[in-house]
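A short worksheet on the structure shown next.
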Amino acid sequence: MAKPKTVFFCKECGCESTKWLGQCPSCKAWDSLVEAPRETAGNRQSGVRSLRSAKPVTLKEVSLETEERIGTQMSELDRVLGGGIVVGSLVLVGGDPGIGKSTLLLQMCRLVSGQGNSVLYVSGEESLRQIRMRAVRIGEFSDRLKLMAETQIPVITETVLELKPAVVIIDSIQTMVNPELDSAPGSVGQVREITSTLLRLAKEQEISVFIIGHVTKEGQVAGPRMLEHMVDTVLYFEGETSSSYRVLRAVKNRFGSTNEIGVFEMQSSGLREVENPSEHMLMGMPEGEPGSVVTVTLEGTRPILVEVQALICRTSFNLPRRTAVGTDYNRLNLLMAVMERRLGTQLSGCDAYINVAGGMRVTEPALDLGMVLAILSGYRNQPLPPRSVAFGEVGLTGEVRSVTQTRLRVREAAKLGYQTCILPQADLNAARAELPDGIDYIGVRNLSELKKLFS
């Protein structure tokens, strides 16, 4: 019996099946199998060969030396990468079309090549003229940067082996093609095999490879889910089309933390690093308005001040509306239920609209106290004391629980001139001697103590 010309691959785990199935038999994901041409055994790439000896060693023989890194001279990018580009790493950068992925990596190439490192930029989407036009807006480039417009992965591999650059940029993975496979560019088989080739190239030649990936309408990198498992680092470049600010976030990093973010501003000359995101988030904030509260959230080791806005009004419907922008909708419903039960506020007949201004999305529990105060301020139509900041987690019994890094949060608020800090009493007792002077501290144990702020 002749073998079928096509097979079905799971986008999540890469499992192969001769027929379509509603559920993947391996990872149990639903509706994840897609059809692709069958690959012959001779066309499959071999596994990644390690540069180190295959002989087993004891745990004590493993070196603890830190990885060799290349600094990009972009502090925001270095922070997200964990301190710079790790030699021999494979990094995936995803983001919406037009968000600035190519601009970010081209700026990185300019700075890295300016330090004397050889860089190869391979584009499968744009011509060399288009890249040059973007580069002119960014600035002067070193001759150490080489450009190449190519989609054939064997040609790219030969060029990399010949030039031996320190950094290679592939823009984008969905446009690259292996002619030994019959499938179309961007298909499951092509993306999987090309990524395997680039991974082997990075590890064997100790070359740092950055690949740009398209995203689907759900916001995930297009192609098989196993693409994210194969690479060392996955970065997402996010931002609203109506805003000039961009956020670079790591969702996977084998060489650093995944909690760090980098903030950039898109300008006509390229991306500019935003060293003080708190100042941007609070730009244009109203003073002395009910329903407006400033809180401190942590993104990795960086404290950021954000404004929480609440609009509370009587509903005209049988079922009140609840809307949350920039935070968890279910958390809003939970906090309003706690307030109604523990504070006696009649919120069941009110519409509630919560917004985290500035385009940030915050799900940290430390936002709870700021949300409660914003809702209470909007409900009573009374503003908080001027230049106030609040943070803390709220439990179901109405208690205000401790949060991490109290000193960092307070120091960031003091740096921006805030004079009153509302925080959990437990944190105030534990870190009182280390907190900066010149700020009035109000410690709260439960929600009932918040009433004195509006008396």
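Normalise the Cα radius of gyration of segment 118-179 by 2.2 N^0.38 Å (N = residues in it) and let me know the number.
1.12
Between S127 and W20, what length comes free when the chain is fully extended (0.36 nm per residue of separation minus the Cα-Cα distance, one decimal in nm)?
34.7 nm
Less than 15 Å from a label point 7 Å out along the Cα-to-Cβ axis of M285: which backbone N atoms in segment 264-279 qualify, by residue?
Once the point is set 7 Å along Cα→Cβ of M285, 276-279 turn out to lie under 15 Å by backbone N, inside segment 264-279.
Any idea of the accessible area per residue across segment 334-380, 1.4 Å probe, to the nearest Å²?
About 33 Å² of surface per residue is accessible.
Rounded, prolate or oblate: which fits segment 395-455 when a ≥ b ≥ c are the square roots of the eigenvalues of the alpha-carbon gyration tensor, with rounded for a/c under 1.5 and prolate only if a/b beats b/c? Provide the component values of the computation, followed by the final result.
On the way: a/c = 2.21, a/b = 1.43, b/c = 1.54.
Oblate, since a/c reaches 1.5 and b/c is not below a/b.
I need the phi-derived Karplus couplings for segment 426-442: 6.51 cos²θ - 1.76 cosθ + 1.60, θ = phi - 60°, integer Hz, Gly and Pro marked x.
The phi angles translate into 4, 5, 5, 5, 6, 10, 4, 6, 9, 7, x, 7, x, 10, 7, 9, 10 Hz.
Determine ³J(HN,Hα), in whole Hz, for all residues of segment 60-70 in sequence, where each value follows from phi through the Karplus function 6.51 cos²θ - 1.76 cosθ + 1.60 and θ = phi - 60°; x replaces Gly and Pro.
5, 7, 6, 6, 9, 5, 5, 5, 6, 10, 10
Enter the accessible area per residue of segment 95-161 (Å², integer; probe 1.4 Å; all protein chains in place). Show your work: numbers first, answer last.
On the way: 3230 Å² over 67 residues.
Solvent-accessible surface per residue comes out at 48 Å².
What distance in nm lies between label points placed 7 Å from Cα along the C-beta direction at F454 and V325?
Taking the two extended label points, one gets 2.3 nm.
Could you calculate the contour length gain from R380 to Q267, that is, 0.36 nm times the residue separation minus the distance between their Cα atoms, to one decimal place in nm?
Here the segment from R380 to Q267 would lengthen by 36.5 nm.
Using the basic label-point model (7 angstrom from Cα toward the beta carbon), what is the S257 to L396 distance in nanometres?
Output for this residue pair reads 3.1 nm.
First measure r as the distance between the Cβ atoms of R314 and E140, then evaluate 1/(1 + (r/R0)^6) with R0 = 56 Å and state the FRET efficiency to the nearest 0.05. It would help to have the intermediate numbers written out before the result.
On the way: r = 61 Å, r/R0 = 1.09.
The calculated FRET efficiency here is 0.40.
Give me the net charge of F141's neighbourhood, meaning all other residues with Cβ under 10 Å from the Cβ of F141; Lys, Arg count +1, Asp, Glu -1.
+1
Of all the accessible heavy-atom surface of the chain, with the other protein chains kept in place and a 1.4 Å probe, what percent is carbon and sulfur?
48 percent
³J(HN,Hα) across segment 157-164 via Karplus (A = 6.51, B = -1.76, C = 1.60, θ = phi - 60°), whole Hz, x for Gly/Pro?
Using θ = phi - 60°, the values come out as 4, 4, 5, 5, 5, 7, 7, 6 Hz.
Which three lengths, in whole Å and largest first, does segment 130-275 cover when its Cα atoms are put on their principal axes?
Its Cα atoms span 45, 38, 29 Å along the three principal axes.
Students often get this wrong, so check it: of K55/K252; K146/K203; K55/K146; K11/K101; K203/K252; K146/K252, which have C-alpha atoms separated by over 27 Å?
From K55/K252; K146/K203; K55/K146; K11/K101; K203/K252; K146/K252, over 27 Å: K55/K252; K55/K146; K146/K252.
For the chain, how big is Rg over Rh, using alpha carbon atoms and the Kirkwood form of Rh?
Using Cα coordinates only, the ratio equals 1.04.
Please label the shape of segment 76-165 as rounded, prolate or oblate, based on the square roots a ≥ b ≥ c of the eigenvalues of the alpha-carbon gyration tensor (a/c under 1.5 means rounded; beyond that, a/b larger than b/c means prolate, else oblate).
Cα axes put segment 76-165 in the rounded bin.
What is the diffusion coefficient of segment 243-370 in µm²/s, taking the Kirkwood radius over Cα pairs and the Stokes-Einstein relation at 4 °C with a viscosity of 1.567 mPa s?
Details: Rh = 16.5 Å.
Translational diffusion coefficient: 79 µm²/s.
What full-extension length gain, to one decimal in nm, is calculated for Q115 and E68 as 0.36 nm per residue of separation minus the Cα-Cα distance?
Full extension from Q115 to E68 adds 15.4 nm.
Hey, what number do you get for the chain at 222 nm if only DSSP H runs of n ≥ 4 count, each worth -39500 (n - 2.57), divided across all residues, to the nearest 500? Don't skip to the answer; put the middle values down first.
Values: 11 runs with 115 residues, N = 455.
Theoretical 222 nm ellipticity from helices: -7500 deg cm²/dmol.
The values are calculated or read from the model by the stated rules, or taken from the named source; none is laboratory data. Everything quoted here is computed from the prediction, not taken from an experiment. Neighbour counts are summed over all protein chains in view; Cβ atoms, including those assigned to glycine, are modelled from backbone coordinates with ideal geometry. All accessible areas refer to the heavy atoms of the entire protein, side chains included, with ligands and DNA or RNA removed. Shrake-Rupley method; radii C 1.70, N 1.55, O 1.52, S 1.80 Å.
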